[in-house]
Amino acid sequence: MKVRLEINQLNIERPKRRWKLYFVVIAEHPTDPDKMVLSTLPSNPIKVTPNQQNEIHFDDNGPGSEGLLLLRRNMPPSKELNVHFYVRHSRSAVRNAVSVLQDIENEMGGEALQTVDGMLDTENPWLVITKKSLPLVGKVLARVPDRDMGFISMFERFGDEFFADGEIDRKKTGAFCNVVYTWSLDTIENNTN
């Protein structure tokens, strides 16, 4: 059994109406309990314009998708999964996900172990970090020259209600953002992520 995490909608609670947003996602490593993985997405920041009224809808991202895919992986044996989600505003017109990931890797120093492509059934690169370095991530992001728009814990304990429905929608607020996201069950394919 696989679980999938997607963002459906994001609302920004600030008076400004122009943004260049990207996300930093941190999740448990799919096979090593002593490690976490960190990625930035999408490839280029999302440009929010005044006519969007500070709302972004991610509901047209391909067949079988209802939102922006953050990760897809095997259900952990514990039936719990810890995911951290940071919303960031790029202050640079040329910054992209790869440059942000490189900035984070440089700031993490020896706690950053390697970069792996295609992990967690996504196309974006993932930086493998030690689990003990997780508390450092907030400090590292503070040194990356972009604006912090909020942190949201997407921790999920997959209980009976999840298995009865196959999908759970959540809405959480972090700093200046409200995020609607969905955890859902997927069928297993021949994939080791």
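The values are calculated or read from the model by the stated rules, or taken from the named source; none is laboratory data. Computed from a predicted model, the values in this text were never measured in an experiment. Quick reminder, even Gly has a Cβ in these numbers, built from the backbone with ideal geometry, and neighbours come from all protein chains shown. Areas reflect the complete protein model, heavy atoms only, side chains present, ligands, DNA and RNA absent. Shrake-Rupley method; radii C 1.70, N 1.55, O 1.52, S 1.80 Å.
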- Karplus (6.51, -1.76, 1.60) ³J(HN,Hα), θ = phi - 60°, over segment 102-108, in Hz, Gly and Pro reported as x: 5, 4, 5, 4, 5, 5, 6
- Sticking with the crude label model, points 7 Å out along Cα→Cβ, report the distance from Ser153 to Thr31 in nm, one decimal please. 2.9 nm
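What order, most packed first, do the peptides 171-183, 40-52 have when packing is the mean number of other Cβ atoms within 10 Å of each residue?
On the way: 171-183: 17.0, 40-52: 15.3.
Order by mean packing, descending: 171-183, 40-52.
Over segment 6-49, with the other protein chains present, what is the accessible area per residue in square angstrom, probe 1.4 angstrom?
Numbers: 1820 Å² over 44 residues.
On a per-residue basis, segment 6-49 sits at 41 Å².
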- So for the pair Asn74, Asp186, with labels modelled 7 Å out along Cα→Cβ, what separation do we get in nm? 1.5 nm
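Total Lys pairs in the chain closer than 14 Å by alpha-carbon, pairs eight or more apart in sequence or interchain only?
Lysine pairs satisfying the spacing and distance rule in the chain number 5.
With Cβ to Cβ distances under 14 Å as the rule, what net charge do the other residues near Glu28 carry (K, R +1; D, E -1)?
Details: positive: Lys35, Arg72, Arg73, Lys79, Lys131, Lys132, Arg157; negative: Asp32, Asp34, Glu80, Glu156.
Local net charge: +3.
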- Task: Could you calculate the contour length gain from Ser92 to Arg143, that is, 0.36 nm times the residue separation minus the distance between their Cα atoms, to one decimal place in nm?
- Result: 16.9 nm
- Query: How about segment 80-184: which GluC sites (Glu not before Pro) there are in a DSSP loop, with at most 15 other Cβ atoms within 10 Å of their Cβ?
  - Reply: Glu123
- Query: Measuring from a point 7 Å past the Cα of Arg18 along Cα-to-C-beta, which residues in segment 93-117 have an amide N at less than 17 Å?
  - Reply: 93-95
- Message: Can you find, among Gln102, Ile12, Leu70, the residue sitting farthest towards the positive end of the charge dipole of segment 1-147, where Lys and Arg contribute +1 and Asp and Glu -1 at Cβ?
- Response: Ile12
